[in-house]
1. Quick check: the distance between the Cα centres of segment A:331-398 and segment A:195-257, to the nearest angstrom?
2. Provide an ascending nm list, one decimal, of label-point separations from A:Pro190 to the equivalent residue in each further copy; define each label point as 7 Å from Cα along Cα→Cβ.
3. Over its Cα atoms, what ratio of radius of gyration to 2.2 N^0.38 Å does segment A:295-369 give?
4. Binned at 5 Å from 0, what are the whole-percent values of the Cα-Cα distance distribution for segment A:46-181, short to long?
5. So how do B:Thr87, B:Thr124 line up by other beta-carbon neighbours within 10 Å, fewest first?
6. Along Cα-to-Cβ, 7 Å out, sits the label point; list in nm, shortest first, how far the one on A:Gly334 is from those in the other copies.
7. May I have the convex hull volume per residue, in Å³, for the Cα set of segment B:220-335?
8. Distance from the Cα centre of segment B:1-78 to that of segment A:1-42, in angstrom?
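Laboratory data are not the source of any read-out in this text; all were calculated from the coordinates shown. The structure presented is a predicted model; accordingly, all values stated were derived computationally and were not measured. Cβ placement follows ideal geometry from the backbone for every residue including glycine, while neighbour counts extend to all protein chains displayed.
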2 protein chains.
Amino acid sequence: MKPKIIILGAGYGGLTTSLILQKELHSDEADITLVNKHSYHYITTHLHQSAAGTKSTDRIKIDLGELINPKKISFIKAEVKKVDIKTNQEVYLNNGQILDYDLLIIALGSEIETYGIEGLKENTFSIRSVNTVQLIKEHIDYMFAKYKAKEAKPEYLTFVVGGAGFTGIELLGELTDRIPVLCKKFNINPKSVRVINIEASANALPGFDTQLVDYAVKLLEKKGVVFINNTPIKECTENGVVLANGELIKSKTVIWTGGIRGNKIMETMGIDHHCSRVKVDEFLRIPSFENIFMIGDMSIIMNKNGQPYPPTAQMAVQQGKYTADKIISYIRNGERYQTPFTFLNKGVVASLGKGEGIGKIGHKQVTGYRASFLKQLIDNHYLYSIGGLPVLFKKGSM
Amino acid sequence: MKPKIIILGAGYGGLTTSLILQKELHSDEADITLVNKHSYHYITTHLHQSAAGTKSTDRIKIDLGELINPKKISFIKAEVKKVDIKTNQEVYLNNGQILDYDLLIIALGSEIETYGIEGLKENTFSIRSVNTVQLIKEHIDYMFAKYKAKEAKPEYLTFVVGGAGFTGIELLGELTDRIPVLCKKFNINPKSVRVINIEASANALPGFDTQLVDYAVKLLEKKGVVFINNTPIKECTENGVVLANGELIKSKTVIWTGGIRGNKIMETMGIDHHCSRVKVDEFLRIPSFENIFMIGDMSIIMNKNGQPYPPTAQMAVQQGKYTADKIISYIRNGERYQTPFTFLNKGVVASLGKGEGIGKIGHKQVTGYRASFLKQLIDNHYLYSIGGLPVLFKKGSM
């Protein structure tokens, strides 16, 4: 009997596991099914570029048909509605299909965390998927057109980014690259445009080296960003954001990057979770479920200091590899998982727009063009690793 | 004493007059000033393409700096607020300048005619200027993004064109070219999109040969347009259009092409007019004002049957040439205008999208690719006539 392996989600984690299994296993060794909402994988780490309009969504979408070999993996385009791991061990899809499994890999990613801020969900945009970032891009363009053709209201050209974490900072880098282009296109004085970042913590990029944070903030300020730190958002309305001090910043474009939580599918599973994320065991399994892996943004992994690692693409890819290796070893040798998962931090690089960035590789800090170049290398390496030269040539940045 | 010549407006009429005077007159023969709201001339006959998104606005804008020689003509970028032709013979600009003139050419074009339809002005878009068509383009793109990322409401993808005259029909041709591109970009089934034309008259393109109208309507129907004739619009709301029969067509995008009237500057002049247009004398002058020409969309010219000619680019260009010739002749010979203006109909061609069109040249009907080709020839000829090869190469279509 071939084991049935079901992989839920084709993000960084699920896709990595799928591609390794596809390459390593013979078709008579396992019966593999990959379920994903879209027929494409997307480069989440570049979503902010499509939101700002500096990179077309075509460049960040990779058709799963180009990556998945149907002789090795059955692909189902569907949404997961419910995962029953306790009673029937079944996965329910929105197309009516019900799948059973011997091994299950749950890698359904994250959703936006609103921290209960009133009106946030209804009145802000978010960097979440190809569709949501395309909406942001078109919305921004539309605001420029409206300002020019209808009424020159300042709120049309006031762009608020909520949150100064990784995504927020990278988005500001791209936005400030894009705005001069739009000003030229619509013949608008760049001085009419305001870009404001609002962050509840005392500093941008909490946890990052102070020197690097300073570099990023100064650079973005030079590019026109106004930073408001130490200031939670109290409420979002269709007119803008109300700060904790009661001040209203009028804006028709508020983009929320303030936090993520796990996929809400967790609520259907009947197990303990922290904001829809699960602290997995040392083998990346849901505690007391030996045949269910949970990887990517839905999993919580602790570092040596007892702090959770931030959910990143790098983490998801390493988890995806680990999971695939362990599954292969289990199928071939019946080996129980002996070696726990360890995360190897290969470094972090944040882009700050064209030719600019900050990064830390080991103990080494990099800034400017070198950081930007490094970021490109990392991105291209990932593209090459999933799709070889064809995908690298089509989607890579040179 | 050099005569002071003031030209108001750099559309087809005013620009043609300006360029001929610039070429023919020595700088010591006249003191010429051109006033225009924008620093560019635009190809009004292509506005519908930019509205649909099939041609960028860069391609339809021509910088006046490339056409006007400052040694010959003083250019003022300003809006005309008031023209006092009775008391002081002065032109008032929105920058505070007041200009006096010996010869005045008024060529300030047209505005949208709403026929008193309730809510029309507030809730519809119009093909009027570079800015308004850019707004339409961005709005349409935004509707696709919203449909995809927010809610799949049919009104987001229902596009209503009010009026089946020349502009309406040409817009439908471009829109139906653009929609498949947008469906592909946003991964939307083209069957979700509706394009509806609403016309109060019994037929599209009133006055055009029946065979040609049939050709156009059948072609556009094949491209997905639904025509509703014989049906005035009663009201426009933010939810769509209410027809005379009470039916509501839900749509977030209603583009009104149903009619034009003259520039409202007319109301400041204290003379008789019909919807801000004036029936000029046989020499294109405002009756009983020997030194004031009125050309382009603001002027009414009657044909042999006592019907007004439709206001077109072709008419404005011919009027512009006539006016320039008469001014030159007057300055050089003191000649009073002996030869009345006559309009020479060189033919009419309407585009129906890429590679398709209808036209009538003399008694000859043309359709399909030949009409489309002819349209390109006419457009390129105009570009060449105003700006020579440099402008033709930059803005022409090949």
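1. 27
2. Sorted ascending, the copy-to-copy spacings read 4.1 nm.
3. This ratio for segment A:295-369 stands at 1.42.
4. Reading the bins upward from 0: 2, 8, 13, 16, 15, 13, 11, 9, 7, 4, 2, 1, 0.
5. Result, fewest neighbours first: B:Thr87, B:Thr124.
6. Once sorted, the set of distances for A:Gly334 reads 12.1 nm.
7. Roughly 185 Å³ of hull volume per residue.
8. Result: 64 Å between the Cα centres.
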